[in-house]
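No lab work stands behind these numbers, since they all come straight from the coordinates. Here the structure is a predicted model, which means the values were calculated and not measured. Positions of Cβ are backbone-derived with ideal geometry, glycine not excepted, and every protein chain shown enters the neighbour counts.
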Amino acid sequence: MAAAMLVVSPHAAGMERAARGGAITLAGIAKQFGATSVLRGIDLDIRAGEFITILGPSGCGKSTLLRIIAGLETQSAGHVAIDGLAVDGRAPDRRDIAMVFQSYALYPHLTVAENIAVPLRMRRLTRLQRLPGARVLPGVARIRASIAEAVQAVAATLRLESLLLRKPAQLSGGQKQRVALARAMVRQPKAFLMDEPLSNLDAELRVHMRAEIAQLHRELGATFVYVTHDQVEAMTMSDRVAVILGGALRQIATPSVLYRDPDDLAVAQFVGTPRINILPALAVARGVDVLGASISVPTGLPIGTKLQVGIRPERLTARSGEGAFAGRLAYRENLGSDLFLHVALDGAPGPLIVRSDPSLLDTVSLGDRVHVDLSAEHLLLFDLEGKRIRPAGSGGVHG
């Protein structure tokens, strides 16, 4: 069951706005497990107060990188600095960061209030003062009262007041996630590190929590470093996205630039749903030849050079008349608001996916001949190794 919409109140009693700060610098970060190289020379400057997402498929090294920032993992090479101060070798609790895990990591025997209070109890109370009968010791009552006040404040900020006496087993997935966030917030850290925090939630609740986390970032002003394999999370919440593939940082940019102007083919194929269309091409005098269609776009390449062209589904137009390409409709994906046509072209490695208006649903049937048109300005060029070729200008399509 979805949780109620979070309304962040930075003026909740006793809850101060997190101080701006938390610029994180990664220089030449590498990590090896035996002979296996997990991270290869990661250089990344994370600005204070920004929301940056580390995006990549499972096994690419993104969670390992987050654990290195947190101090939970030691890098094989390179350096980590927070606000200009080197933290290599510094324990996690001395880095002034908070981490939110995929599994929530809540203590099942503690109430919500007690779970939220754990970081402050560990920081403000000695081992002796944490004992059950230590309330009579000098100063303990005052410290415990300050902890309770901080817990109440963060609970009010995340609208958890009515849940403070419950145990984790009595909470929904969204409520557990908010408790995990509250436990991180109560310390008022310079940076929040989030490792796939929404992956255990259902689709509807993920949408809900994306909006809550983005709103929370705007209100707190702290640095958020968010790790995910889900490009929708990355594109909808982030100021910038760092794409890691095969342990290497392939590109870092705003979501819109990442989608429109990828640096290489791997990034272009990983970002975007449905995936970008990739077709073989040949450099010709007038531009490129794509499956017999001559497209006027300067490449600077010698005539006869083989390359690849990419075009997003929404940049293609399906029509009944003439177009750059023609093929048979092999499959239709009707998503209600969108209609994706899979058009089989002669000589193409796979169907061309075209995003169309749902009104075409009643006018085209499987097996029908479909013409597809495009404009050169939206064409992305790559060499055979996948490196981006950036043309000096653009032109039109010649059938």
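What to note about this one:
- Charges were assigned to the Cβ only: +1 to each Lys and Arg, -1 to each Asp and Glu. The resulting dipole of the stretch 274-398 about its Cα centre is roughly 320 debye.
- Cα-Cα over 32 Å, subset of K31/K190; K190/K387; K31/K167: K190/K387; K31/K167
- Sorted fewest first by neighbouring Cβ atoms within 10 angstrom, M122, M194 come out as M122, M194.
- Protection proxy ranking of 295-302, 195-202, 34-41 - average other beta-carbon atoms within 10 Å, highest first: 195-202, 295-302, 34-41
- Computed [θ] at 222 nm, deg cm²/dmol, the chain (DSSP H ≥ 4; -39,500 (n - 2.57); rounded to nearest 500): -7000 deg cm²/dmol
- Per-residue Cβ neighbour rank within 10 angstrom, fewest leading, Y331, Y226, Y259: Y331, Y259, Y226
- Pair-distance distribution P(r) for the stretch 107-174, from all Cα-Cα distances in 5 Å bins starting at 0: 3, 17, 24, 24, 17, 10, 4, 1 percent.
- Take every DSSP beta bridge whose two residues both sit in the chain; close to 75 percent of them are antiparallel.
- Among E322, E50, E219: highest mean-square fluctuation, GNM of the chain, C-alpha pairs under 10 Å: E322
- Alpha-carbon gyration tensor eigenvalues x 5, square-rooted, for the stretch 24-260, Å: 32, 22, 15
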